[in-house]
Amino acid sequence: MSETNIAATPSAAPSATPVAKPIPHRLTTLRWPLLATAAVLLLACLAPFQLVPFHTFQLAMAMIYAVTLLGLNLLVGHTGQISLGHGAFFAVGAYTAAIAMERWDLPYLATIPIAAAVTFVLGFALGVPALRLRGLYLALVTLAIAIFLVPLLKRFDGLTGGSMGLVVDKPVPPAWTGLAEDQWLYFLALATTVLSFVLVAGMLRSRVGRALHAVRDNEIAAEVLGVNLAHYKTLAFAWSALLAGIAGAVYTWVIAFVSPDSFALTLSITLLAGLVVGGLGTTWGPLLGGLFVMFVPSFAQDVNQAAPGVIFGLLIIAVMYLAPKGLAGLATQWTQWLGHRVRKGKTHAH
């Protein structure tokens with residue numbers, strides 16, 4: 001057979017086009033969360049330029065609560081511990097910032113590391129006795145902290161201002177920013193929120209996060225596998241308190257006033273309810289919970305000033321009935337359904 005005939009045979013002919021490799025399903029599923037995150041950040045950056053100052057203030061407060069719930073989620077959702085006194089760490093961070101600004105005349109940015117350090121130490125100190133407690137007993141201990149904090153703050157009036165509280169100056173926006181006061185405070189809250197979420201996301205993807213999840217799922221199995229229960233439980237309390245303290249410091253910047261009655265027991269209970277409604281152990285749960293904590297009581301007050309607590313409670317029951325995994329779980333289901341429909345449409349198109 002000649003060379004021409006050999007080249008003409010089908011077996012020797014090169015393939016027309018290379019076969020395209022299918023996109024891995026993991027990359028497809030990651031696309032939607034990344035797009036959602038980018039969209040949320042874009043809307044967050046544009047919001048203060050489109051809203052009136054009061055609504056800008058409300059969104060800043062929602063982000064402050066989101067950082068607090070991020071810490072609570074690290075403890076409750078990812079480690080399986082319980083806390084009914086997280087508002088106390090929030091209050092300690094707020095008062096630390098207020099005292100540093102008003103009594104010691106420190107710049108407001110310097111209050112963040114101070115509040116973080118103080119609440120980290122307190123959280124670690126609480127985590128040590130919590131090693132011997134769990135369930136309802138641990139809940140009662142944390143509840144007791146939230147109860148006695150308010151009269152304790154009122155007692156040391158020389159430092160905390162007593163029942164009258166402390167008034168501080170709001171941070172002034174730098175001239176080069178061209179921002180109004182409410183916009184500057186909003187972006188400070190936004191920067192704190194983004195950095196906190198990035199920090200916690202990195203922690204949960206590390207061996208620390210895997211250890212915390214092992215403690216949450218089965219303490220005995222985790223200990224058999226070599227997880228130091230005492231170390232990671234106290235670490236969870238400390239980091240959870242640290243995030244609440246940072247949020248409290250930013251709260252002081254935005255409100256420019258702290259008083260004991262602002263951190264009553266109802267704050268701790270509302271924070272825990274907001275986290276459950278937002279979604280325990282989820283990425284978006286603290287953010288959705290922060291929006292819930294900020295806007296739902298205000299909405300309930302507008303609907304009926306005589307019974308805002310009743311309306312607030314009914315809304316919590318309704319959300320739990322319609323979305324047992326929280327608002328974040330409901331959003332995840334919608335995202336998965338939308339992604340499935342898009343992939344199905346592309347398959348039919350080919």
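Taking a cut-off of 21 Å, what percent of all Cα-Cα pairs in segment 68-147 are separated by more than that? Let's see the in-between values first.
On the way: 1003 of 3160 pairs.
Within segment 68-147, distances greater than 21 Å cover 32 percent of Cα pairs.
Could you order the peptides 308-321, 106-119 from most to least packed, using the average number of other C-beta atoms within 10 Å per residue?
Values: 308-321: 13.9, 106-119: 18.4.
Ranked from most to least packed, the peptides come out as 106-119, 308-321.
Label points 7 Å out from Cα along the Cβ direction at LEU106 and ALA318: separation in nm?
Here the modelled spin labels are 4.4 nm apart.
Of the peptides 126-134, 65-73, how do they stack up when ordered by the mean number of other Cβ atoms within 10 Å, highest first?
65-73, 126-134
Per Stokes-Einstein, at 37 °C and 0.692 mPa s, what whole-number D in µm² s⁻¹ belongs to segment 114-203, with the Kirkwood radius over Cα pairs as the hydrodynamic radius?
Rounded, D is 194 µm²/s.
Rounded to two decimals, what is the ratio between the C-alpha radius of gyration of segment 86-241 and 2.2 N^0.38 Å?
Expressed relative to 2.2 N^0.38 Å, the Cα Rg reads 1.26.
If I stretch the segment between ALA264 and LEU136 completely, what's the gain in nm (0.36 nm per residue apart, minus their alpha carbon distance), one decimal?
Working: separation 128, 0.36 × 128 = 46.08 nm, distance 2.06 nm.
Extra length from ALA264 to LEU136 when fully extended: 44.0 nm.
Need one value: the accessible area of HIS78 in square angstrom, 1.4 angstrom probe, rounded to the nearest 10.
For HIS78, solvent-accessible area is about 20 Å².
Probe radius 1.4 Å, ligands and nucleic acids left out: which of ASP217, ASP182 has the largest accessible area, and how do the rest follow? Please report the intermediate quantities before stating the final value.
Details: ASP217 110, ASP182 40 Å².
Sorted descending by solvent-accessible area, the residues read ASP217, ASP182.
Report the label-to-label distance for LEU225 and LEU199 in nanometres (one decimal), using points 7 Å from each Cα along the Cα→Cβ vector.
For the pair LEU225/LEU199, the computed spacing is 2.6 nm.
Do me a favour and compute the ellipsoid semi-axes for segment 248-296 from its Cα gyration tensor, root of five times each eigenvalue, largest one first, whole Å.
Semi-axis lengths for segment 248-296 are 22, 13, 8 Å.
Name the residue farthest towards the positive end of the dipole of segment 151-309 from the options THR192, LEU280, VAL224, assuming +1 on Cβ of Lys and Arg, -1 on Cβ of Asp and Glu, about the Cα centre.
VAL224
Got a sec? Which residues in segment 162-198 would a label at ALA38 touch, if it sits 7 Å along Cα→Cβ and we count backbone N under 15 Å?
Backbone N within reach: none found.
What does the charge dipole of segment 155-271 about its Cα centre add up to, to the nearest 20 debye, if the Cβ of each Lys and Arg holds +1 and the Cβ of each Asp and Glu holds -1?
Details: 7 positive and 8 negative charges, 86 e Å.
It comes to approximately 420 debye.
The values are calculated or read from the model by the stated rules, or taken from the named source; none is laboratory data. Here the structure is a predicted model, which means the values were calculated and not measured. Neighbour counts run over all protein chains shown; Cβ positions are idealised from the backbone, glycine included. Surface areas here come from the heavy atoms of the whole protein model, side chains and all, with no ligands, DNA or RNA. Shrake-Rupley method; radii C 1.70, N 1.55, O 1.52, S 1.80 Å.
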